[in-house]
Amino acid sequence: MALQSLDIIRRSATTLPEPEIRSGTGDVTVAKLIDTTKCIGCKACQVACMEWNDLRDEIGTNVGAYQNPPDLSASSWTLMRFAEVENTKGDLEWLIRKDGCMHCQDPGCLKACPAPGAIVQYANGIVDFHEENCIGCGYCIAGCPFDIPRISKKDHKAYKCTLCSDRVAVGLEPACIKACPTGALVFGTKEDMKLHAADRIEDLKSRGFENAGLYDPAGVSGTHVMYVLHHADTPHIYNGLPGKPHISNTVQLWKGITKPLALAAMALAALTGFFHYIRVGPNETDEGDEARAADEMAKTLNSPEKRP
Amino acid sequence: MTDSTRITDAPGHSTGEAGQGSPRRRDTILRYTTSDRTNHWLTAIAFVCAGLSGLAMFHPAVFWLSGLFGGGPWTRILHPYIGLFMVVAFALLAVRFWSHNFLQPADWKWLRQIRDVVNNREDRLPEVGRYNAGQKLLYWVIVVCLAGLLLTGIVIWRAYFSDYFSIRVVRLAALLHAFCAFVLITSIIVHIYSAIWVKGSVHAMTRGTVTPGWAWKHHRAWFREMIHAANSRSRPD
Ligand code: HEM
Ligand code: SF4
């Protein structure tokens, strides 16, 4: 574990840089590529995720669609989202998107987190939650542009896809990749995944999907989970995949330079008080004040009440 | 000691001095009743605890404050309850002091002469009633900030309420909560310093009484009200 810390490039709520002695740290990052055009919605990846991570969500109810469970939860870290979309030609398209953490290069969850070391980013790009440091405030939910983290009702800790950081660390591919029967999920270096995606996109274009493209949004400096979409011009039709995701301006303002400035202003208020006391001094009541007050009291108390 | 307009001889205050010096030294004016003071200090303690536990989550430089509350998760658990307690305590205090805190035209003049205020040139200022303009402003700042902290605090209270609000609303609430806390804490720093600066104020809130000279110097209109009230009460009917 001790050496693992050398592979961490960012920790939440930490103001100093991480250990950076290793050379080439962060040069090679990994990525999962999800090819929505090859996905058949079998949910083998969902099952593999449950198995590898030992997660058992509550058995829910049928909501009238294939999507099950209906949403991500603290025990469902990935989920096939099904959308039925009528295209411009009047044909029905069944768009299936494997949802889960995107492993942003610039993670909003990590930015929002107030607990030191509860969220980390490894040199390979994976964003991981360290639940032992999590305080359960839920700020990561507010920070995430993709609505991914969930706080468990059982232990009030935040959970999400780890990109199988434990498997990747020992040279294995994530469990979902291993389970996928169609090759819709592939895993490797981010460079390789981009090349692979380029091939796929060329193929799709030759088949008439002229808007096919790669989803690797620049607003969060790219992601370590990418999609090949048939309709990359309209990501929102894939069950609300955001078109231009970025850390919200409200979160930037909340977690940006304003905080150290506010701390400084509070400290300055206290210091101003201290130096006011040193320079101007206390405001004291002296004998003269007491005498004048006594005078006035004597006059009032010895005179008949004149007030209306 | 429940009648806040009574001029009293404070028990135990320079007793046994009758005949020596001015007998008037023994006079004190009741400014805060026992329940006023209890209410004030409950609010103050709650403020300090809410503020420190909140600041722990505010910036990593002060995350160590969470140690005072038993660690990060305990800080997260306790903070909203302490906040609620402060809101209730202050609401009661606000009702007690409500009628004394409406700003009058003279208050604006007082504020314009803030230089005289901070340089201890009180003789140049308009006469002040029970509270000066600064104290009245502080009262309203606390009212507004606490209302804001209550509303936004509920929205960001993940364990019970956040799931009922959209993420946009939660983000905005978190920002506003931090902002209100900042304004409140800064204002209270000024409030605490003023109490240290103006000698006799701390005694008013710890023992309940002030000297006539103190009242005459800092709150002359109130001082006159007090002695007139005492005068009319002491007249035989
Ligand atoms: C009804 C009253 C209040 C409620 C319900 C409330 C609730 C909350 C909640 C839920 C949080 C998020 C962390 C957590 O999960 O605990 C929070 C943060 C915070 N609270 Fe409060 N609070 C209240 C009053 C106060 C008061 C009176 C103060 C200051 C004196 C304060 C200062 C703060 C600060 C500084 C933060 C950190 C904000 C940030 O991380 O940007 N709160 N509060
Ligand atoms: S998708 Fe959300 S939870 Fe995942 S790294 Fe990005 S901000 Fe964090």
Leading residue by the ranking (surrounded by the most Cβ atoms within 10 Å (Cβ to Cβ)) among those in segment A:11-42 that are of a type in the set (Lys, Arg) and within 20 Å of the chain's Cα centre (by Cα): A:Lys32
Looking only at segment A:147-164, filter to residues that are facing chain B (nearest Cβ under 10 Å), assigned to a loop (DSSP other than H, G, I, E, B) and at negative phi; which one of those is nearest to ligand 2 (Cβ to nearest atom)? A:Lys157
Name every residue in segment A:226-277 that is among the aliphatic types (A, V, I, L, M), touching a residue at least 24 places away in the same chain (Cβ under 8 Å) and within 7 Å of chain B (Cβ to nearest Cβ), in order of residue number. A:Val251
Of the residues that make up segment B:186-199, is at least one over 30 Å from A:Ala262 (Cβ atoms) and within 7 Å of another protein chain (Cβ to nearest Cβ)? yes
Among the residues of segment A:105-143, what is the count of those that are part of a loop (DSSP other than H, G, I, E, B) and within 14 Å of ligand 1 (Cβ to nearest atom)? 10
Restricting attention to segment A:1-48, the residues that are free of Cβ contacts under 8 Å to residues at least 24 places away in the same chain, polar (S, T, N, Q) and away from chain B (no Cβ under 14 Å) number exactly 2
Please work out if B:Val128 is away from every other protein chain (no Cβ under 14 Å) and among the β-branched types (Val, Ile, Thr). no
For segment B:152-159, does any single residue satisfy the condition of being more than 10 Å from chain A (Cβ to nearest Cβ), under 17 Å from the mean Cα position of the chain (by Cα) and at pLDDT 95 or above? no
Subset of segment A:278-300 that is assigned to a helix (DSSP H, G or I) and loosely packed, with under 13 Cβ neighbours inside 10 Å - its residue that is farthest from the other protein chains (Cβ to nearest Cβ): A:Ile278
If you take the residues in segment A:149-158 that are surrounded by fewer than 24 Cβ atoms within 10 Å (Cβ to Cβ) and not polar (S, T, N, Q), which one is farthest from ligand 1 (Cβ to nearest atom)? A:Lys154
Pick out the one residue from A:Phe129, A:Phe187 that is crowded, with 18+ Cβ neighbours inside 10 Å and farther than 30 Å from A:Leu253 by Cα. A:Phe187
Counting only residues that are assigned to a loop (DSSP other than H, G, I, E, B) and more than 21 Å from A:Val47 (Cβ to Cβ), segment A:82-101 contains a total of 5
For the structure I just gave you, tell me whether B:Thr28 is within 14 Å of chain A (Cβ to nearest Cβ), at pLDDT below 95 and either within 10 Å of ligand 1 (Cβ to nearest atom) or in a strand (DSSP E or B) (or both). yes
Let me spell it out: the conditions are (1) facing chain B (nearest Cβ under 10 Å); (2) more than 22 Å from B:Val155 (Cα to Cα); (3) within 16 Å of ligand 2 (Cβ to nearest atom), and A:Pro116 meets all of them except one. Which number is the exception? (3)
State all residues of segment A:172-222 that are within 16 Å of ligand 2 (Cβ to nearest atom), hydroxyl-bearing (Ser, Thr, Tyr) and within 30 Å of A:Thr88 (Cα to Cα); if no residue qualifies, say none. A:Tyr215
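The values are calculated or read from the model by the stated rules, or taken from the named source; none is laboratory data. Given the structure is predicted, the values throughout are model-derived calculations rather than measurements. Here the Cβ is made from the backbone with ideal geometry for all residues, glycine too, and neighbour counts use every protein chain on show.
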